[in-house]
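Input: a single structure, listed below in structure tokens.
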Amino acid sequence: MQTRSSIDRYLQPSLHLLAWLLVFGLPLLFWDFFEAKGTRGYFRMWLPPLFSLLIFYLNYFLLVPGFLYRKKNWAFFLFNIAAILCSLTCMELIRELFAAELISDNRRRPPMAFIAFRNGVTLTLVAALSTAIQVTRRWYHEEQTRKQVEGERLRAELALLKHQLNPHFFFNMLNTIYALIEQRPDDAQSALHKLSKMMRYMLYDTEAEFSRLEQEVSFLNNYIDLMRLRLLPSTSLDVHLGPVRGDMSIPPLLFVPFVENAFKHGVSAQRDSKIAIRLEQDQDCLRFQTVNSVFRQQAAADLSAGIGLSNIRQRLELLYPGQYELAIHHDDDIFTVNLSICPNEH
């Protein structure tokens, strides 16, 4: 980050310097040595670039930040007009001062109105270019700052999501494994191994913006296998994850809130329950679905407006703008989530 900042700091002045060297060098390409007399001839030819430079940086450093950014548009335009008129006046006075020495007797000088019009158009274009560059530069930095702030906020919310998942899930799983140790030691050993793999994934593999899809599927399989240990016979669980290709990456823990909510709100000790979880990869698209029972109206409202789901919407909008569809439906006692991600669509 520091290296890129240093490059950006030196790149912009270098580009400005190169551009003005080209501008001041252009008159030399059209210079007629037979009409010039000494260094004053060079000075006369460089008058338009010199005043263009003044107008450019007057806008770039003073008028645009001081007036345009502060919504003082009329003052911005009036100062620009005044600066251009003053520049034209100064250019004409300087030309008159050196006219006798610079122009041969047999050469007819162009009308002053034509020269003023030509220079006025040039300075106006320079002012517009300076304004466009400064406004674009500010927009770019604001956009970069917004993305950085948004990324930091989403990382904080992801950390909160991981923190929310950790306490109650791992506490319940440890209690379940403890109960299995005496009755089914082989199942307890397998469950403990899956739990350790999940903890390793959450601690070390979710810090990056993306993780491999197969890693996320492995995490979900381990999560669901551990949740099976706590399900009652009255709960129907239908899971279909994959197969998936290894060349696709997704944001880590993207599907966890949906699966967690399905188990949290889709299981009842008194009534028959059902949970269905599906993940399919269709060419370049990824389709995920959860369907679960809901036994309380408030539970459905919590599902639709939960922190985890809000986090997912924001992450999807930031990472896949215009490339995803998220539909959440609550119909009677069934809650359905459909998520489709097509990263290569535009």
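The values are calculated or read from the model by the stated rules, or taken from the named source; none is laboratory data. From a predicted model like this one, the values you see are computed outputs, not experimental measurements. In this analysis, Cβ positions are derived from the backbone assuming ideal geometry, glycine residues included, and neighbour counts consider all displayed protein chains.
Residue by residue, here is whether (1) of a type outside the set (A, V, I, L, M); (2) within 25 Å of the chain's Cα centre (by Cα); (3) not in a helix (DSSP H, G or I) holds:
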position	(1), (2), (3)
Thr176	yes, no, no
His193	yes, no, no
Ser196	yes, no, no
Arg200	yes, no, no
Glu214	yes, no, no
Ile224	no, no, no
Leu232	no, no, yes
Leu254	no, yes, yes
Q. Given (1) modelled with pLDDT of 85 or more; (2) within 25 Å of Gln289 (Cα to Cα); (3) over 32 Å from the mean Cα position of the chain (by Cα), where does Gln189 come up short, assuming only one miss?
A. (2)
**Q.** Qualifying residue in the stretch 264-277 (condition: within 17 Å of Phe219 (Cβ to Cβ), at pLDDT 75 or above and of a type in the set (Gly, Ala, Ser))
**A.** no
